Amino acid sequence: MDPPRQSQKANLNREPRRGQSQSSTPPQKDAYARLLSQHHSSKFSVYLEQYAKDLSFQREGNGPGPVLGVQSDGLNTQQQMRDQVSNDLDFSLSSTKNKGGESSLSLYMEKLSTRNTQQECERKQGVSDRQRHGQRRDTTTSQDGDIESGEELGSIKPNVAKKHQKPHKKNKDSSRDVASKEAELLAGLPQSPKKASSSEEKSKKSKKKVLPKHADEERNREGILKCGVETQMSRPKSPHGKDKKLQQPRTSSANSPADKSKNKGGRGSKKQVFEPYMTSEEVSHGLKRGELLQGQLRINPKKYHEAFIPSPDDARDIFLDGIVARNRALNGDIVVVQILPREQWKVVRSDTDCEGASESDTQMERVAQTAQKKTNGAPRRGVAAEDQRNDQDEPGGKYVNTSLAGAVEHLEDPSTPRSSGEILQKTAKVVFIVEKKHSRAVTGFLKFLPDKPFAMFSPVDHRVPRINVPLADCPEDFCSRPGDYSSTLFICRIVSWEADSNFAEGRLAKTLGQAGEIEPETEGILIEYDVDFSEFSDEVLDCLPKNLPWIIPPEEMSRRRDLRKECIFTIDPATARDLDDALSCKQLPDGNFEVGVHIADVSYFVEEGNFLDATASHRATSVYLVQKVIPMLPRLLCEELCSLNPLTDRLTFSVIWKITPEGKILSEWFGRSVIRSCVKLSYDHAQSMIQAPEKLFSPEELPPVDPVHPIDEIHQAVLHLHSIAKHLRAQRFSGGALRLDQLKLSFTLDKETMMPQGCYVYQYRDSNKLVEEFMLLANIATANHIYRKFPELALLRRHPPPKAKMVDELQELCSQLGIDIDLSSAGTLHTSLNTLLGNDEYSSARKEVLTHMCSRPMQMALYFCSGALKGEQHFKHYALNVPLYTHFTSPIRRYADIIVHRLLASSLKCGPHIGLSTGKVEKQASHCNDRKTVSKRVQELSSELFFGVFVKECGPLDSEAMVMGVLDQSFDVLVLRYGVQKRIYCKSISGLASFHHRKVGKKSELTLVWLPEDPENPPVEQVISIFSLVEVQLKADEAPMKYSAVLKKPEDGRS
């Protein structure tokens, strides 16, 4: 197959390749040297050495090649690691800058392995070809602007990061493409050492002259080793004659990208890149027999050849190695996989390998029974108790690939560790796609390919393949002036991806605008994540009340409890416009309190089964961006008719308790009601009242207040609520609840341009806690009520406990760090986090780092239908430590809450009959889970986008940072001033002479050796380990919206 990407260098490089592949040894020698220097497991080293000896004895007169006196630093590192005396790694930045020298071992191995290349090439052309035409690796920057961690092991040059930030330069693209293809789409049956060697050598020679000497060489190295491994996932029909085809690059004629990609096999043959999918019947039988497994695919955004699905037995995740194993499935898809034979399972030397602690180690592949380690590829964030604004009951996630505790879920141990400490991880391949949850829409850039009837679309998200796009879809002058579009963002939709094509086919959907501008970038995020931000249709708007201004019909008033004279008020963020909850509190003559939670009665306006209901069901949630909200409901509802705006009669669903001052509930009432909010308080207003209990607030200090209720009455109600909330909160945590808070970045925007003017870490204060406690209380009460009334239909929310093995490993790591943390339950973990870390100025930072580590084993909270899940023990909410929980308090922005309202109304005989079934509720619950995850991710991407703009406009920004995790060539930091997390690569640190990695057990440590300013002085050493404090500077990258954290040299000698 002749992938069209190669023609980015026109066709100039093609004809010489055959000559190169048959030339003498030198063109490929350093590629093999790099391969060898990175694969340092003792087993693989012994294998290579024995192989070399065998070949040298077999081939008479063919001794080792000339031995040069220059020893590369990579070889020295290889020797150290092969000895396995310790886990130390040394890297010298200065000695690796000169790439001219080749290691004697690499030359020796290369000389041996190039014998019989001519004899083997005909037999192995299929594999060799696959190496030449594997999948692309366009990794100029990762999602957060950093070089991808899997590509860090080439020349360790301080300026390497800059070289990776110009994706529009064709010379780099073409070389990157060729090199990266080997790392992804290589599929070969296990082969003898001779065959593997000959095909590897031929492939390396064929592409030697187009590879730059930096990270692309590492992709090349990965691909070379993988070439003999994955073929069983493909079924090549006729690989013969392919090199002959390559000698005639201009002779083939294709009418479409599909034709172009398919008709590349020699003599008219079509080579299968991917296995055909199984039939539905085969899949059904395989799942029933336990021969196949189903799960959601997660692709690591930093190492996109690594993917995972959860293990059904809650053991370590199942590993899918490379794009061929994924079989055209994209991130988030529900797939069916087949476990590969045990001899092809992934091997790690010890359980710590799964933690991402060594980037050098990640290069060993299945040929040597050792594979790349996995860092966490699924977005995760902290677990916290439910908050009616932030939904913090589940560990969603933003930061990937960071903490030492981060990726342990990905190497679950199906067997006991071997005596050598090695652990097996199951590997699999996709045989069927059950549901394409990925939108198949991506943002990216167009690249012109001379002499091709299509352009190459390069997605920004590297987890998505490059796409062939017909030139007819491109702008009219794209072919004549492609440079004009080098920084233009487009949206492309994948329309097909055939089994015999390396590349998907797509159609351009839209031109977004210039990369780096907020609105085009935002629109790209929304489309890519399939967020419906279109205007509501006429059919939907026809479902809304017509007679405006709308008033509550008298007959509806008569069916409800009238609370309009009560002192009821809202507490929300200052900018909130969808006010869906209000509070009330009045003291009773007996000293107890009547406390009410009043929620907008959205289900009154959204009738089951109409167009409005269908649209709300499909959207499932509002999506909150930094600068705007994509609403679930039309604005007439979410900002006016349903919103509990002050001084206006509104329909509500109320929960009213009689409660003691200590928070003990004496009675409970549910019902439909009518309220009239007396004031719209912000969190700041409520906080001021809490902090000044004796103060008399003037009307000027507050928003407009209903004159029926004096300001002091409102003030006293807030104080009573605060007092009761403190008791409720103390009871919750003493009863075993957990909250894992993580820093949240907020922005101040220019009102006209909506550009960021400033940013700050959001403060979670007593006023937030006050509201949270009563929303939690209402949600728990509602869950118990609807489950009691509808045990087969209740829409509830569960939070599974963390994976036990991951918790054990985290416990071990904390012990080695000297942290006496108790992870046995949610309650003990909460207590540990709040008592362990001292009370100095950095205790909160240490808590943030530890919280991040503890959030990694946590699972996501999920909606579910009570009738679809057997066993009430599975209903429990781990973080809240309650047996039943649901969402009731935010129906304006969450569709799940609307279903709960309908169930509640039906149970109280104050609403229409509901047409729900267990199956319908479970299906809607699953959809709500998907859209909630998407909403959270889009919100995070919006925040990252604005912070990138802020760094560009206001940077560089200096801040202290605390180390969160240490790998062998990089480390992750929490930037304390801004609450963002970044990875710093040692090889890109300016002024660094060398660095040394040491690992004892699970504890990882880097020693950085800085060049002294005065040559007469000794070098300055800086030790990097978890909780180390460092100084960093955030600087904008050349890539739009991206920024990097630059480590500043310590001032005080040894740090």
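Brief remarks on what is shown
- Condition met for Val921 (modelled with pLDDT of 95 or more, crowded, with 18+ Cβ neighbours inside 10 Å and not in a loop (DSSP other than H, G, I, E, B)): yes
- When Pro1019, Pro956, Pro1015 are checked against the criterion of being in contact with a strand residue (DSSP E or B) (Cβ under 6 Å, 6 or more places away or on another chain), more than 30 Å from Gln763 (Cβ to Cβ) and surrounded by fewer than 18 Cβ atoms within 10 Å (Cβ to Cβ), Pro1019 stands alone in meeting it.
- Within region 938-961, restricting attention to residues that are part of a strand (DSSP E or B) and charged (D, E, K, R), the residue that is nearest to Glu521 (Cα to Cα) is Asp958.
- Any chance Val900 is assigned to a helix (DSSP H, G or I), among the hydrophobic types (A, V, I, L, M, F, W, C) and within 23 Å of Ile599 (Cα to Cα): yes
- Residues that are in a loop (DSSP other than H, G, I, E, B) and small (Gly, Ala, Ser), drawn from region 302-335: Ser311, Ala315, Gly322, Ala329, Gly332
- Enumeration of residues in region 966-983 that are of a type outside the set (A, V, I, L, M, F, W, C), in contact with a helix residue (DSSP H, G or I) (Cβ under 8 Å, 6 or more places away or on another chain) and part of a strand (DSSP E or B): Ser970, Gln981, Arg983
- Just one of the listed residues (Glu498, Glu535, Glu539, Glu476) is in a loop (DSSP other than H, G, I, E, B) and modelled with pLDDT of 95 or more, namely Glu535.
- Filter result for the condition that a residue is in contact with a Pro (Cβ under 6 Å, 6 or more places away or on another chain) and of a type outside the set (Val, Ile, Thr), over Leu719, Leu745, Leu738: Leu719
- Just one of the numbered conditions (1) of a type in the set (Phe, Trp, Tyr); (2) open to solvent by 10 Å² or more (accessible area, probe 1.4 Å); (3) under 30 Å from Ala515 (Cα atoms) is not true of Phe971: (2).
- From the list Ala1036, Ala993, the lone residue that is open to solvent by 30 Å² or more (accessible area, probe 1.4 Å) and modelled with pLDDT under 95 is Ala1036.
Yes/no matrix, rows are residues, columns are (1) at pLDDT 80 or above; (2) buried (at least 23 other Cβ atoms within 10 Å of the Cβ):
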site: Lys242; (1), (2): no, yes
site: Ser256; (1), (2): no, no
site: Asp259; (1), (2): no, no
site: Arg267; (1), (2): no, no
site: Glu282; (1), (2): yes, no
site: Gln344; (1), (2): yes, no
site: Arg349; (1), (2): no, no
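- Residues of region 790-821 that turn out to be surrounded by fewer than 16 Cβ atoms within 10 Å (Cβ to Cβ), over 30 Å from Phe888 (Cα atoms) and touching a helix residue (DSSP H, G or I) at 6+ places or on another chain (Cβ under 7 Å), as a count: 0
- Phe432 vs. criteria open to solvent by 10 Å² or more (accessible area, probe 1.4 Å), at pLDDT 90 or above and among the hydrophobic types (A, V, I, L, M, F, W, C): yes
- Any hit, region 568-588, residues being over 30 Å from Arg765 (Cβ atoms) and surrounded by fewer than 14 Cβ atoms within 10 Å (Cβ to Cβ): no
The values are calculated or read from the model by the stated rules, or taken from the named source; none is laboratory data. Quantities reported herein were computed from a predicted structural model and do not represent experimental measurements. Quick reminder, even Gly has a Cβ in these numbers, built from the backbone with ideal geometry, and neighbours come from all protein chains shown. We work out accessible area using only protein heavy atoms, side chains counted, and drop any ligands, DNA or RNA first. Shrake-Rupley method; radii C 1.70, N 1.55, O 1.52, S 1.80 Å.
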